[in-house]
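Have a look at the structure below, then the notes.
The values are calculated or read from the model by the stated rules, or taken from the named source; none is laboratory data. Note that this is a predicted model, so its numbers are computed, not measured. Here the Cβ positions follow ideal geometry from the backbone for every residue, glycine too, while neighbour counts run over all protein chains shown.
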Amino acid sequence: MLHAILSDKTVRLTALALLALAAAGLMLPAWVVDNMMFGLARGAAVLGLLVLWRTGLMSFGHGLYFGLGAYAVALSEHWLGLSDFALRILAAMLVAVVAGFALGFILRRYRDIFFAMLSLAFSMVLYGILVKTEALGSTDGFSVSQTTFLGWAPEGKQVLFSAIIAVCLALAVLVQMYLRSTLGRLTTAIRDNEIRVEYLGYSVARAIHIKYVISAALAGAAGGMMAMALGQVDPDSMVYWTVSGELVFITIMAGPGSVLAPFIGAIIFEFLRTYAFEIAPHAWQLIVGGTLLLIIFFLPGGIWSLLERIPFIRRLRHD
């Protein structure tokens, strides 16, 4: 198993890119490191959407699991006093997996726009509950204290940044191994012809259910990392429909070509939004939206299709 992981060219490329990012973070200003942490967190959620997209499904409501992961971190601290990084990530993923498993029984029966809009409806139900419930922070949400590592509370965010990179690398490797497995290879088969998959003896509904739970777990971990990086959770920044929209935006912008693409796309999105707001604070959405239109028109395979033309990346993936 270890040999298969180390011999996978996509895994090696992803590890190389994320390790280079960790090294760069030691020399970059704090605001750049913050943006990269936000991008990596969103990238983990987009990685979950990539699993669904390859199956021919798109969720417009993954802010549900992103928010559940974020609130799991905040509430576990508020109620249980948890501040350890590993425990927070586990709590975020566990809550998201339980919710994804339960809702998966409903969503696995739907396809196309019905799947997308039903997932959005569930996310807005959570948003309404959070906004109206004072015990859950209402519109103000909760602040999140400094994350600790086995009782150690490091100064600055470099250690947290490195830990987030390590989690993202682990998630990318696990997803790559899953996509190479028999069940993972069913993604494109289900997208192309569900009836033939059923004739082969596989349950399409069960396969989609598993993929949905995996996608929810990734989004939950992403929300937990975002909560720790941002230091604050509230319904508008973690659960509202615009959060789900941003994840879909990044998914389309990044492209489905590699497990590394979501992280690259998410980091580019964070800096694009930052500079767009700096240049045109009252029209930054126009710049971001225009960028997406240009990518759809001229790079239908997303940013990754452009990066694949770089000789170094092409050799590393195909040698």
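Some values worked out for this structure:
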| read-out | value |
| --- | --- |
| Hey, D192 under 20 Å from A99 (Cα atoms) and acidic (D, E) or not | no |
| Yes/no for Y240 being aromatic (F, W, Y), within 29 Å of E155 (Cβ to Cβ) and surrounded by fewer than 24 Cβ atoms within 10 Å (Cβ to Cβ) | no |
| Pair list, Cβ under 8 Å, 6 or more apart: the stretch 146-158 residue surrounded by fewer than 11 Cβ atoms within 10 Å (Cβ to Cβ), other residue of a type in the set (D, E) | L150/D84; G151/D84 |
| Any hit, the stretch 285-297, residues being within 13 Å of the chain's Cα centre (by Cα) and touching a residue at least 24 places away in the same chain (Cβ under 8 Å) | no |
| Test: residue in the stretch 293-311 that is more than 22 Å from R54 (Cα to Cα), among the small types (G, A, S) and in a helix (DSSP H, G or I) | no |
| For A189: the one exception among (1) surrounded by 15 or more Cβ atoms within 10 Å (Cβ to Cβ); (2) under 21 Å from E77 (Cβ atoms); (3) of a type in the set (G, A, S) | (2) |
| Among the residues listed as F271, F277, F249, F263, the single one being farther than 15 Å from V46 by Cα, outside any loop (DSSP other than H, G, I, E, B) and touching a residue at least 24 places away in the same chain (Cβ under 8 Å) | F271 |
| Helices (runs of 4 or more DSSP H) enclosed by the stretch 1-96 - at least 2 residues per element that are modelled with pLDDT of 90 or more and out of contact with any Asp or Glu (no Cβ under 6 Å at 6 or more places or on another chain) | 30-53, 63-80 |
| Every residue from the stretch 213-232 that is in contact with a Ser or Thr (Cβ under 8 Å, 6 or more places away or on another chain) and buried (at least 19 other Cβ atoms within 10 Å of the Cβ) | S215, M228 |
| Unmet criterion (only one of (1) surrounded by fewer than 20 Cβ atoms within 10 Å (Cβ to Cβ); (2) at negative phi) for G81 | (2) |
